[in-house]
Amino acid sequence: QKGPFEFHGEYIRYDIARAATAPDEDPRGQCGMYAELGYHFFPGFMCCLRGTTLVRNASHFTLAFRYQQMDLNDRLTGGSFNDDLKGSGLAFNYRIQEGTVIRADYTWMDAATEDDRQEFTLSFSTYF
């Protein structure tokens with residue numbers, strides 16, 4: 001985190017041991033990653049609102065961009081919608097306090113062999 005900007009990311013890869021007689025299309029490995037850049041802010045006019053869910057020095061808003069991709073079967077291309085999937089998305093969240101968030105995000109998914117999809121998600125999470 002640097003000032004109002006925050007970066008999150010993760011990469012995972014693992015190999016699967018298979019018998020020599022296993023079919024060629026059985027995966028021998030899988031991998032996936034995501035990278036997300038967020039910008040935290042709190043509109044000044046909101047600091048004086050009463051009767052709201054604002055928590056002094058804890059509530060904030062975040063606008064974020066995320067890129068993600070995964071390969072669920074290293075032996076096939078597009079074995080399913082989620083195999084060789086790439087996606088990007090925009091998110092807006094309101095963090096009432098550090099452990100509680102309301103989030104809306106819109107994701108564009110680019111599948112290797114199926115029609116691309118778009119998805120809107122609205123979520124509420126607390127102390128996970």
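How large is ³J(HN,Hα) for each residue in the range 5-12, as worked out from phi by the Karplus curve 6.51 cos²θ - 1.76 cosθ + 1.60 (θ = phi - 60°), to whole Hz, x for Gly and Pro?
Whole-Hz 3J(HN,Hα) from phi for the range 5-12: 9, 9, 10, 10, x, 7, 9, 9.
Can you run phi through the Karplus equation (6.51, -1.76, 1.60; θ = phi - 60°) for the range 78-87 and list ³J(HN,Hα) in whole Hz, with x for Gly and Pro?
x, x, 8, 4, 7, 6, 6, 8, 10, x
Provide the gained length on full extension for the span SER80 to ALA19, in nm with one decimal, where the gain is 0.36 nm per separating residue minus the Cα-Cα distance.
That works out to 19.7 nm of additional length.
Take ASP26 and ASP110, extend 7 Å from each Cα along the Cα→Cβ direction, and tell me the distance between the two endpoints in nm.
In this crude spin-label approximation the distance works out to 3.3 nm.
Mind listing the phi-derived Karplus ³J(HN,Hα) values for the range 102-114, rounded to whole Hz, using 6.51, -1.76 and 1.60 with θ = phi - 60°, and x for any glycine or proline?
10, 10, 10, 9, 10, 10, 9, 10, 10, 7, 5, 10, 10
Compute the length gained on full extension between GLN1 and PHE124: take 0.36 nm times their separation in residues and subtract their Cα-Cα distance, giving the result in nm to one decimal.
Length difference between fully extended and current span is 42.0 nm.
Among SER80, GLN97, LEU122, whose Cα projects farthest towards the positive end of the dipole of the range 57-128, with charges put on the beta-carbon of Lys, Arg (+1) and Asp, Glu (-1)?
GLN97
If you keep only loop residues by DSSP, which GluC sites (Glu not before Pro) in the range 3-45 have at most 15 other Cβ atoms within 10 Å of their Cβ?
Sites meeting the loop and neighbour criteria: GLU25.
At a 1.4 Å probe radius, which order do PHE41, PHE61 fall into by accessible area, largest first?
Solvent-accessible surface, decreasing: PHE41, PHE61.
Carbon and sulfur atoms: what percent of the 1.4 Å accessible area of the chain do they account for?
Looking at the chain in its full context, I get 56 percent from C and S.
Name the residues whose placed amide hydrogens come within less than 5 Å of the amide hydrogen of GLY29, ignoring near sequence neighbours (fewer than 5 apart) on the same chain.
For GLY29, whose amide H was placed from the backbone, the distant partners under 5 Å are ILE16, ASP74, ARG75.
The values are calculated or read from the model by the stated rules, or taken from the named source; none is laboratory data. Keep in mind that this is a model prediction, so the values were computed, not measured. Cβ: placed from backbone, ideal geometry, glycine included. Neighbour counts: every protein chain shown. Note: areas computed on protein heavy atoms with side chains; ligands, DNA, RNA excluded. Shrake-Rupley method; radii C 1.70, N 1.55, O 1.52, S 1.80 Å.
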